[in-house]
Amino acid sequence: MICDVIRKEKLIPVQRSFQAVAHGLIPIPSRLGFEEPDPATPLAGKRIAVKDIFDLKGVKTTLCSKAYEELTDEARTTATCIQRLIDLGAVIVGKVKTSPFASGMGPRDWVDVQPPFNPRGDGYLDPGCSSAGSGAAIAGYDWLDVAIGSDTLGSMVGPACNNGIFGLRPSHGLLTCEGALPVCPPLDTPGNFSRDISELSEFTRLWMNGSPSDVELKIPTKLVVPPERFTRFVPEVANAMEEFIQQFEKVTGVTRTAVTMEDLWAFRRPSKFAGKSFQDTFGTVSLQIISVMCGAKKNRHWHIFNCTGITKTQSSIVKTTNRNSGESCMLSRYSATNGMIRPSNLWFVLILTEFRDLGAKLTSLQYAEALAEKDLFADFVRKHVFDNGSVMLLPCSANDVAYRDTYDGTVEECARRWQGFDIPETAFSALGGGPALAFPAGHRPYESKITKVKEYQPVGLMLLSAPGMLDGCVEVKMKANMSFLGTDHHLIELLKYVLVESKLPTSVETGRLMY
């Protein structure tokens, strides 16, 4: 899973650069060579893996595409959010796999590279979507501290839940995506994975430039649990989720508010949407925003999605592959080099060709309307779901055991989910703009078709809130060294509090079993 990168220069250089080394080797610098963390370098010695959409100076960003890797140059700079970690003393051990071009797809759809293996259970469970390499690395390597991924519509929370670890999709805009492949700038954000809730908390605070402060933890005044979002799971998964929700209620003293989004929308929707359902209003918003991507020209890639999971933003790759020198079309260069009109390995096998056609048919007006609907969605959930210091619990696990070699439904059904049709649970954070904290709520036994014995599959939930400070919360007299970075850090500390008070694990192990 690691793409094998090591520093060229001294251990903590002023000018950081990297060098790709032989495949199969993962050089790991000893922690003994680092000074103790200090205020200037609080992450000294922390080993970090980086999703292969972020630039590292001196190394190619491959996007897990052989054609793109062949034609692109070594990065001349390091992505801003990664440079921030280096400046804090972190050690970038290497890069981890991503689905091709960070596109929405399952492990069955990867072509140029083997998708990472989920170390949990029998080793053949679905590792998740585009940040799967980051999630699997944290679940599999005990010598790795944190992995960096990214999220557009679930690429942090999915791998976190599938691999049984903690993962944060931050509030949109808290971290810059400069120096990373853009998938959909209105939704894109870097994120971080960890096996330990305390480490996730401290890492998040430092990464987002928070300051330690002696503050009072605040308990939300309302816990929203939409019942319609929990009906599709087999009993073993549903029971594990329900047990955690009951613990959350017990510890916080807040009884869940079980309201469907359709009912809430019918009661609170703006008058001009009278008679229009929640699904009808927002069912294509994610799709259209991810299909028609309007990145500024200053972005490394910009253009319109063609809805195969390869966007016109990413299709601009074919027009500006050599981003350092601005050389011409990737297709033309590849054809000239290989005598092919279209490289067969340029990207993954198209799941449904009509998605490609759909993106080309969407207009600028439709895109503008979708952005307005996104703002409407965000305003609605902030006022009526996350009002007065509320939080929300949503599932982010597979309905049942999900293997890496099978589809959950037909190919068409899976493709629709990956490309943003309907209103997935992840839309409440991606469209709402607030943080989503994915975590292992427990695990369930299953009879493995691979090993023919009982194994355990992680079961995950995500805790969400609105971006910005939570107002109107109930204070808990519990002093801690915490910093409230909007609600992001608050969510982590709230979850940590619930886990500790419930006597549930605040960290997980690597390998087949979380604990």
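Values in this text are rule-based calculations from the coordinates and carry no lab data. Source: prediction; values computed, not measured. Quick reminder, even Gly has a Cβ in these numbers, built from the backbone with ideal geometry, and neighbours come from all protein chains shown.
Quick check: the distance between the Cα centres of region 134-202 and region 37-101, to the nearest angstrom?
14 Å
At residue 365 and residue 38, where each label point lies 7 Å from the Cα along Cα→Cβ, what is the point-to-point distance in nanometres?
6.3 nm
Cut-off is 10 Å between beta-carbons; in what order do 413, 373, 36 appear when sorted fewest neighbours first?
36, 413, 373
Between residue 406 and residue 262, what length comes free when the chain is fully extended (0.36 nm per residue of separation minus the Cα-Cα distance, one decimal in nm)?
In short, 48.7 nm is gained.
Hey, fewest Cβ within 10 Å first, where do 143, 207, 265 land in order? Numbers along the way, then the final one.
Numbers: 143 10, 207 24, 265 20.
Least crowded to most crowded, the residues run 143, 265, 207.
Once both labels are modelled 7 Å past Cα along the beta-carbon direction, what's the residue 143-residue 372 spacing in nm?
5.6 nm
Pairs to check: 222/276; 222/374; 250/374; 57/383. Give those whose C-alpha atoms are more than 32 Å from each other in this structure.
Over 32 Å Cα-Cα: 250/374; 57/383.
Using the per-residue mean of other Cβ atoms lying within 10 Å as a proxy for protection, in what order, highest first, do the peptides 441-449, 99-107, 38-46, 180-188 fall?
Descending mean neighbour count gives 99-107, 180-188, 441-449, 38-46.
Can you tell me which of 221-232, 153-164 comes out highest on packing, and rank the rest after it, using the mean Cβ neighbours within 10 Å?
Working: 221-232: 16.7, 153-164: 31.6.
Final packing ranking: 153-164, 221-232.
Given a Förster distance of 45 Å, report the FRET efficiency between residue 228 and residue 87 from their Cβ-Cβ distance, rounded to the nearest 0.05.
0.50
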